[in-house]
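Everything on this sheet refers to the single structure shown next.
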Amino acid sequence: MEKKRVRTRIAPSPTGDPHVGTAYIALFNLAFAKKHGGDFLLRIEDTDQTRSTVESEAQIFESLKWLGLDYDEGPDNGGNYGPYRQSERFHIYGDYAKQLVDNGTAYHCFCTQERLDNLRDRQKAMKKAPGYDGHCRALSKEEVEKRLAAGEENVVRLKMPYEGETVIKDVLRGEVRFENNLIDDQVLIKGDGFPTYHLANVVDDHLMEITHVIRAEEWISSTPKHIQLYRAFGWDEPEFVHMPLLRNADRTKISKRKNPTSLIYYRENGYLKESMVNFLGLMGYNVGENEILSLDEFIEGFDITKVSLGGPVFDLVKLGWVNNQHMRKKDLAELVELAKPFFLAKGYITENSTEKELEALTKVVEILREGAITLKEIAELADIYYVDSFELDKVTEEMNKNERKSVERPYHAIEDETGKKSIKLFIEKLNAANEEITADEAKAMLHDTMEEIGEGPGKVLMPLRVVITGRGKGAELYNVISIIGKTRTLKRINEMVAKYNIF
């Protein structure tokens, strides 16, 4: 028998911000398809017309493309198996439901909402699992036709077997067994004629020739219904792979109450697309010793059986580390372009910044990317290069908050007599220097100041750092001086001298 071309899909609902879980499942579907020379497609499951929005759908497209999780077929790029929105396929599902009614594997149910509510209340009182009791399952053909002709509202339900088991053959989990008598007769077509997720999902996967359904483990309980639907139609089942759910640090299912879950949030806060994909690839998957990978490298070594079933923790600290590694590896010019919007937002540069200002920006990004977690943090840490006036009270308060201990060194340094001498001497050296000061020249000036004062960095560099940056620690002082230049360095020192009556 000819082996089928591998086809996988991601099928999100456009009902809110695009979720990190969607990208996680999309990545593994893409990697599996490409590793096996197959196709990866996007289908929009918008059967919930009350919650689905055009805006949310557009954000799904944008987020997947931002991450580089390119799909071969989808609503916005077409393909031979469309339409790729379920809302454009509604005419299909009724015909397939009718097939099941005609072959006896589904039936019309006329139970009112009042009866269903009473049934649920009785089951609850008797401490039984809630579920439909099959009341309309045995209606005669004549009775059904009579009630349909009278226009009675009804739904179409799947006839689950009353006996035996439905066995899921999961690639990761082996055989997962469900007793059929514990699964109720699932609604396939609702009273308004709209399909439920279960029918639309199975029909679409079959018609789109999906060979491997790779989805989150929360769908395991629905899979027996899907398997029975495949059998009712006489169709071959796809292979099932149920991925472990992403977890919060406390092992609960990831949720926006405990973790940012929107892909938009991570993009707007300066995480690189390469980092997000890399990080999601580490979720429950063993990539080996080298954890920093490109998407192509991830696909090249991909093996679905390496997925671990332990719930992967969506650890923001680990994500930060991964993002830092990618920022350090990235081409500097490209990183500067990505960082620009964050510097614009802070007012540190403008759309009309001069070539000199952009050169300074490049130096700042190059220095700060070594320790920053995100592009946004690079801009936040850059205030030392762009803000020329400081209040030591605020700086000390911030340092206390970050270090969780009392910080008095900034004040102590500028009150010390040696500190005052160091400041005076450095002002003299700056006045004698050229406007453009290289990092090496600034380093030599600082070293000469220490030599002439006859003291070490703590006594000399600390007070200079305070009057030049407003802080007791931070970036290399010679880098700051070389980037802001002679005039701004002198301006900062003189303002601090006057503000705190240092001399």
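From the Cα gyration tensor of the range 1-108, with a ≥ b ≥ c the square roots of its eigenvalues, which class applies: rounded if a/c is under 1.5, or else prolate if a/b is larger than b/c, or else oblate? Present the calculation step by step, with values, prior to reporting the outcome.
On the way: a/c = 2.27, a/b = 1.25, b/c = 1.81.
Judged from the Cα gyration tensor, the range 1-108 comes out oblate (a/c at least 1.5, b/c at or above a/b).
Which of the trypsin sites (Lys or Arg not before Pro) across the range 248-306 are loop residues per DSSP, with 16 or fewer other Cβ within 10 Å?
Passing sites in the range 248-306 are Arg251, Lys256, Arg257, Lys258.
What's the whole-number percent of alpha carbon pairs in the range 227-361 lying beyond 24 angstrom?
The answer is 49 percent, as a whole percent.
With respect to the cross-link table entries Lys363/Lys499; Lys169/Lys225; Lys273/Lys340; Lys34/Lys258; Lys98/Lys141; Lys420/Lys486, which display a Cα-Cα separation exceeding 22 Å? Mind dumping the intermediate values first?
Values: Lys363/Lys499 30 Å; Lys169/Lys225 14 Å; Lys273/Lys340 16 Å; Lys34/Lys258 34 Å; Lys98/Lys141 14 Å; Lys420/Lys486 19 Å.
Violating the 22 Å limit, Cα to Cα: Lys363/Lys499; Lys34/Lys258.
So how much accessible area does Leu446 have, in Å² to the nearest 10, using a 1.4 Å probe?
It works out to around 10 Å².
Against the longest principal axis of the chain, how steep is helix 392-403, in degrees 0 to 90 to the nearest 10, with axes from Cα atoms?
The angle comes out at about 50 degrees.
In deg cm²/dmol, rounded to 500, what helix-only [θ] at 222 nm does the chain give when every DSSP H run of at least 4 residues adds -39500 (n - 2.57) and the total is split over its residues?
Counting only the DSSP helices, I get -15000 deg cm²/dmol.
For the range 312-359 and the range 1-56, write down the distance between their C-alpha centroids in whole Å.
Value for the Cα centre distance between the two parts: 30 Å.
Placing +1 at every Lys and Arg Cβ and -1 at every Asp and Glu Cβ, with all other atoms neutral, what dipole size does the chain have around its Cα centre, in debye to the nearest 20?
Working: 70 positive and 84 negative charges, 257 e Å.
It works out to roughly 1240 debye.
Would you please classify the overall shape of the range 109-167 from the alpha carbon gyration tensor, given that a ≥ b ≥ c denote the square roots of the eigenvalues, rounded means a/c under 1.5, and beyond that prolate means a/b larger than b/c while oblate covers the rest?
On the way: a/c = 2.88, a/b = 1.34, b/c = 2.15.
Oblate.
Exactly which GluC sites (Glu not before Pro) in the range 65-174 are in a DSSP loop and have at most 15 other Cβ atoms within 10 Å?
Glu152, Glu153, Glu163
Extending each Cα 7 Å along its Cβ direction at Leu139 and Asn494, get the distance between those two points in nm, one decimal.
The two pseudo-label positions are separated by 9.2 nm.
Got a sec? Charge dipole of the chain, +1 on Cβ for Lys and Arg, -1 for Asp and Glu; which of Gly310, Leu67, Ala439 is way out at the positive end?
It is Gly310, whose Cα lies furthest towards the positive end.
About its Cα centre, how strong a charge dipole does the range 118-256 have in debye, to the nearest 20, once Lys and Arg get +1 and Asp and Glu get -1 at the Cβ?
660
What spacing in nm lies between the two simple spin-label points modelled at Thr53 and Lys424, each 7 Å away from Cα in the Cβ direction?
So the two model labels end up 6.5 nm from each other.
By its C-alpha gyration tensor, with a ≥ b ≥ c as the square roots of the eigenvalues, how is the range 66-219 shaped: rounded for a/c under 1.5, else prolate for a/b larger than b/c, else oblate?
Oblate.
List the aspartates and glutamates whose Cα lies under 12 Å from the Cα of Lys346, skipping any in the same chain that are fewer than 8 positions away.
Glu377, Glu380, Asp383
Once you list every other residue whose beta carbon is under 13 Å from the beta carbon of Phe28, what net charge do they have if Lys and Arg are +1 and Asp and Glu are -1?
It works out to a net charge of +3.
Taking the chain as a whole, which cysteines find no other cysteine Cβ under 4.7 angstrom from their Cβ?
Cys111
Looking at the range 121-229, which trypsin sites (Lys or Arg not before Pro) are in a loop (DSSP not H, G, I, E or B) and have at most 13 other Cβ atoms within 10 Å?
Values: sites: Arg122, Lys124, Lys127, Lys128, Arg137, Lys141, Lys146, Arg147, Arg157, Lys159, Lys169, Arg173, Arg177, Lys190, Arg215, Lys225; in loops: Lys127, Lys128, Arg137, Lys159, Arg173, Lys190.
Within the range 121-229, the qualifying trypsin sites (Lys or Arg not before Pro) (loop, at most 13 other Cβ atoms within 10 Å) are Lys127, Lys128.
Please work out how much length the chain gains when fully extended from Ala150 to Thr438, using 0.36 nm per residue of separation minus the C-alpha to C-alpha distance, in nm with one decimal.
94.7 nm
Roughly what would the spin-label model give for Lys330 and Asn248, points 7 Å off Cα along C-beta, in nm?
Those two pseudo-labels are separated by 3.0 nm.
At each listed q (0.10, 0.13 Å⁻¹), what is the log10 of I(q)/I(0) that the Debye formula gives for the chain modelled as equal alpha-carbon point scatterers?
The Debye formula, applied to the Cα set alone, gives -0.87, -1.21.
Pairing the Cα long axis of helix 197-207 with the longest principal axis of the chain, what angle in degrees results, from 0 to 90 and rounded to the nearest 10?
So the inclination is approximately 90 degrees.
Per-residue accessible area for Arg328 at 1.4 Å probe radius, Å² rounded to 10?
100
Once the Cα atoms of helix 113-125 and of the chain are each reduced to a long axis, what angle between those two axes, in degrees from 0 to 90 to the nearest 10, is obtained?
Between the helix axis and the principal axis of the chain, the angle is about 80 degrees.
Among the aspartates and glutamates, which fall within straight-line cross-link reach of Lys376, defined as a Cα-Cα distance under 17 Å, with same-chain neighbours fewer than 8 residues apart omitted?
In chain and number order, the partners are Glu268, Glu274, Glu334, Glu337, Glu366.
The values are calculated or read from the model by the stated rules, or taken from the named source; none is laboratory data. In this text the structure is predicted, and so the values were computed from the model without any measurement. Cβ coordinates were reconstructed from backbone atoms using ideal geometry, including for glycine residues, and neighbour counts include every protein chain displayed. The accessibility values were calculated without ligands, DNA or RNA, using every heavy atom of the protein model including side chains. Shrake-Rupley method; radii C 1.70, N 1.55, O 1.52, S 1.80 Å.
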